[in-house]
1. Could you please let me know if residue 152 is acidic (Asp, Glu), assigned by TED's automatic domain parsing to the domain that holds residue 204 and in a loop (DSSP other than H, G, I, E, B)?
2. Determine whether region 130-153 contains at least one residue that is without any contact (Cβ under 8 Å) to a residue 40 or more places away in the chain and closer than 30 Å to residue 70 by Cβ.
3. Here's a check for you: in region 112-141, which residue that is within 27 Å of the chain's Cα centre (by Cα) and among the polar types (S, T, N, Q) is nearest to residue 169 (Cα to Cα)?
4. Count, please, the residues in region 71-86 that happen to be closer than 16 Å to residue 29 by Cα and part of a loop (DSSP other than H, G, I, E, B).
5. Does residue 197 satisfy the condition of being in contact with a helix residue (DSSP H, G or I) (Cβ under 7 Å, 6 or more places away or on another chain) and either within 27 Å of residue 238 (Cα to Cα) or buried (at least 16 other Cβ atoms within 10 Å of the Cβ) (or both)?
6. Starting from region 31-56, keep only residues that are assigned to a loop (DSSP other than H, G, I, E, B), then list their pairs with residues that are charged (D, E, K, R) whose Cβ atoms are within a distance under 6 Å, requiring at least 6 positions of separation or different chains.
7. Which number in (1) among the acidic types (Asp, Glu); (2) in contact with a helix residue (DSSP H, G or I) (Cβ under 9 Å, 6 or more places away or on another chain); (3) free of Cβ contacts under 8 Å to residues at least 24 places away in the same chain marks the one condition that residue 25 misses?
8. Being among the hydrophobic types (A, V, I, L, M, F, W, C) and part of a loop (DSSP other than H, G, I, E, B) narrows it down to one of 198, 228, 221, so name that one.
Amino acid sequence: MSSSATEAKQQATFKVYRGDADNGEHHTYTVPVEEGMVVLDGLHHIQANDCPDLAVRWNCKAAKCGSCSAEVNGKPSLLCKTRMDALPLDEPITVTPLRAFPVMKDLVTDVSWNYEKNKQIKPFTPKNEDTDNWEMYQEDAERAQEFRKCIECFLCQDTCHVLRNHDKKANFFGPRFMVRLASLDMHPYDTEDRLSFIKDTAGVNYCNITKCCTEVCPEDIKITDNAIIPLKERVVDEYYDPIQGLLKMLGLKKARK
């Protein structure tokens, strides 16, 4: 028997959360494994053959829309990007909703909190000059390009212990919005002063640099190194550095951009 025929007959056991925020449990399903399958394919098989009412959010199946966020074996993941052949198939594949946000039904969570936080961030405010002829250093252009890769899957929000384990949503905006704030605050043509907002409202100091957000980012954005740490440094320079404070008092402090 060929290896491909053997793979076609291989079975995987799925343990999928079914329920809502108040009540739910894991249900077990058997899914035939075929070459090239991802976890989302397995869930689609369950919908087609076992429970058509299984709720799972997805759209592009190309790891670009950020819709199919969930947890696979306890790790925040995109269902369409998590390959079956990368998982130990001799053990059940556990699929659960994002734990940092309220469950709506089965694997679908209410992530609207993120959009409410986003509304609080003041938008890009450029200098009053010809925007068609901006000149930027290459490092600034690369930084802006990296931050704009975010697909808002909110996996970084889910893995963040401040939001997930301590539920500090009233105090901390989370890694995704540290990225957005960094993209604005470090843009050479933005004129809005957001440091007090970053410190007091967005709560950048709640992050203790575990880098777990960077580890789960499907776009490989260096969230901690390129966004959060530079923001923390700017906050320290502005509010806690005595030399910078003296320069500010004397009106000698240079612009940060």
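1. yes
2. Yes, region 130-153 contains a residue that is without any contact (Cβ under 8 Å) to a residue 40 or more places away in the chain and closer than 30 Å to residue 70 by Cβ.
3. Among residues in region 112-141 that are within 27 Å of the chain's Cα centre (by Cα) and among the polar types (S, T, N, Q), the one nearest to residue 169 (Cα to Cα) is 114.
4. Total satisfying the criteria: 1.
5. When the stated conditions are applied, residue 197 does not pass them.
6. 35/7; 54/106; 55/105; 55/106
7. All conditions are met except number (2).
8. 221
The values are calculated or read from the model by the stated rules, or taken from the named source; none is laboratory data. No experiment lies behind these values; they were computed from the predicted model shown. No Cβ is skipped: glycine too gets one built from the backbone with ideal geometry, and neighbour counts run over all protein chains shown.
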